[in-house]
Amino acid sequence: MSRTARLALAGAVAAVAALVIGMIAGGRAFPRIIPGLPDAGAVVRWGLPVSKLLMDVTGVLTVGLLLTAALLLPNDKGMLGKPGLLYVRASSWTALGWAASAFLAIVFTTADSWGRTVPQILNREYLTSTATQTTQGVALTLVVLFGVAIALFSRGAITAGAAAGLLVFALVTMLPPPLTGHTSSSPNHDLATSAVSLHLLALALWVGGLVVLAAHAMRGQPQLTVAAARFSALALWCFVAVGLSGVFSLVARLGALSDLWTTQYGLLALAKIVAFVLLGYVGYWHRQRTLVDLEAGRPRAFTRLAGGETLLMLATVGLAVALSRTPPPEFSVPADRAFELLGFPVPPEITIANVFSLWWFDLFFAAVAAVLAGLYGAGVYRLMRRGDSWPWGRTAAWFIGIALLVFATQSGLARYAKVLFDVHMIEHMTLSMIVPIFLVLGGPVTLALRALKPAARRGDRGPREWITTILHSRAVKVMSHPVVATAIFVASTYALYFTPLFESAMQEHLGHIWMTLHFLLSGSLFFWVIIGVDPGPSRLPYVGRLLMLFVTMPFHAFFGIALMMTGSVIAAGWYEPLGRTWGDNLLQTQQDGGAIAWGFGEIPTLLVLLAIAAQWYRDDERQARRADRKADRGGARDPELDSYNDYLARLDRADKGE
């Protein structure tokens, strides 16, 4: 048996052993059977967690294989090398296993929910009902469909870009099942949803990358040193993300700190914390010792430690599945429908003081703001260290945009935006028409291209090369076309509010995140085309930018008027159950929101006009200086200037009658 096969077998044993121990410790292995109530039996009781463990492992392996092929291994001008192609092909099989294990999970979930054995539910009626009408069933069905799609598309992937796209697809496929379990029933479901999403994605990259890297080392494949160094940098960020998201996830589920050692759920969580600390220590040892040995041509120490770390990680995955089958401790929450929907009671009547005092922590956008601010600051610092300059105006614009993003998503404005339509419209307009203006004026892509170093190996893709590739990609070229960017910016607003999409987005935290993120991204795309200082596939002349601005803004005014004239309440299924007892009625707040949308456009229009005027003036100055330098160079002539001088000379001769 090869070393890789032994590692796979040992990993499977570690994962299953951790699952069994966790199930026993959590009280789910031998539950109390109440006479008279249906019981699916031991096969379903163990088949469900085992199928979910298999689903998690195959999903993590798919992510790890695609990560290694796309980002960890060097490529040649975007084309995958032989090991990369091998891993992409292998991902098609693991993705197929991912889909198959998700189907098994649907079968066992159906049997568990109906309290029947597997043979009793193997008919179309039971399975179709679970797969299409329950949240867990729909989530597992998505995994089946997406897993099959990844398996098919990975068969023809030969470029690093295709592997990276499949990697993103695989990460998205990891999300639905965990978000329909204890997360959705947590009292603070907004925090729980964001925390478990970040936790899961970081863990999939970390575990999957390490497993494939360990197998790569044991098989003696080339480019191990480069791949290990790149994974080490990624693993550090994953470690931080897993730790922080794990803390927030526990905060959302535990009623008190004592629940950690007084409940079965807390004890399993403590076991995961211990495993996490051990993994952090092993990662530190990697960075300090084994990577040095690897660079010195001694891979044996790295292989042994990576194999041991792989077993510990897979055991942690098994423990996580057991934890997902263990109900979190119960604690009292207000019997309030509004609290169930919002995650907090309906706030008091809105005032300026309340907007600035009733802050609401949104983990997702807090993380986005922290990452954007940190990366930009690191880029500016790197330029300063090597003696390069960076315009202070761009830095100020960027951090003003970040500050406005934090205020719009974390302050009382975000809390009231879920209760009042007019406040929601203020948040919408701020995120789509004010924040993006300052962000695009910050020139983050230009900063990244200047601060990042080129890839060490010619033809390979590091972060700098990936940015350049994305900028020149066909997708960015199409999306940044003025017509397309304008259509996304304008049409999506009408499509959101005049269809059921808005109510659906408000009722689900992930839907609310996607809606808010869309506001930010669509606005950034639109204003990047008009006033962006970063390079792009197509740049309009200044007159064209002004025309694009003046053509687009009236559509927002028309949108506001349409809201003001609407006689029915939009998203009534969301606002009515909140039971707000103060302020205007729902229709009046909606009409006020329309008035805000109508009048709000003047603010970004003024800001953009000032930006265009300043950019136009500086561009004319640069062209004038360029012309002067060309004229001052010896033997160099400016055709336009020469033509103009000849014209003046002809006029002078005509005046003299020559």
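General remarks:
- Accessible-area value, D592, 1.4 Å probe, nucleic acids and ligands omitted, Å²: 50
- Computed across segment 59-164, the Kirkwood hydrodynamic radius from all distinct Cα-Cα pairs reaches 14.9 Å.
- Think of segment 462-612 as a dipole: +1 on every Lys or Arg Cβ, -1 on every Asp or Glu Cβ, centred on the Cα centre; then among A571, L525, Q591, L525 lies furthest on the positive end.
- Neighbourhood charge, 13 Å Cβ-Cβ cut-off, centred on L175 and excluding it, Lys, Arg +1 and Asp, Glu -1: -2
- K418 - accessible surface, heavy atoms, 1.4 Å probe, Å² rounded to 10: 20
- The calculated P(r) of segment 326-424, using every Cα pair and 10 Å bins from 0, goes 13, 31, 25, 17, 10, 3, 0 in percent.
- The calculated 222 nm mean residue ellipticity attributable to helices in the chain amounts to -24500 deg cm²/dmol, summing -39500 (n - 2.57) over DSSP H runs of n ≥ 4 and dividing by all residues.
- T4 accessible area, assembled protein chains, probe 1.4 Å, Å²: 40
- Rounded to 10°, Cα long-axis angle of helix 300-324 versus longest principal axis of the chain: 70
- Cα gyration tensor shape of segment 150-253, rounded if a/c is under 1.5, else prolate or oblate by comparing a/b with b/c: oblate
- Charge dipole (the chain, unit charges on Cβ, about Cα centre) - positive-most of W359, L452, M79: M79
- Degrees, to the nearest 10: 392-410 long Cα axis against longest axis of the chain: 40
- Cut-off of 10 Å, at most 12 other beta carbons, DSSP loop: longest stretch of the chain lacking such chymotrypsin sites (Phe, Trp or Tyr not before Pro): 1-330
- Distance from segment 81-103 to segment 237-290 (C-alpha centre basis), Å: 29
- C-alpha center-to-center spacing [segment 592-629, segment 306-375] in angstrom: 40
- Cα-based helix-to-principal-axis angle, 586-600 vs the chain, degrees rounded to 10: 40
- The convex hull drawn around the Cα atoms of the chain, when projected onto a plane and averaged over every direction, covers 39.4 nm².
- Neighbours of I530 by Cβ distance under 12 Å: Lys/Arg scored +1, Asp/Glu scored -1, total +2.
The values are calculated or read from the model by the stated rules, or taken from the named source; none is laboratory data. Not measured: the values here are computed from a predicted model. Virtual Cβ from ideal backbone geometry, glycine too; neighbours counted across all protein chains shown. All accessible areas refer to the heavy atoms of the entire protein, side chains included, with ligands and DNA or RNA removed. Shrake-Rupley method; radii C 1.70, N 1.55, O 1.52, S 1.80 Å.
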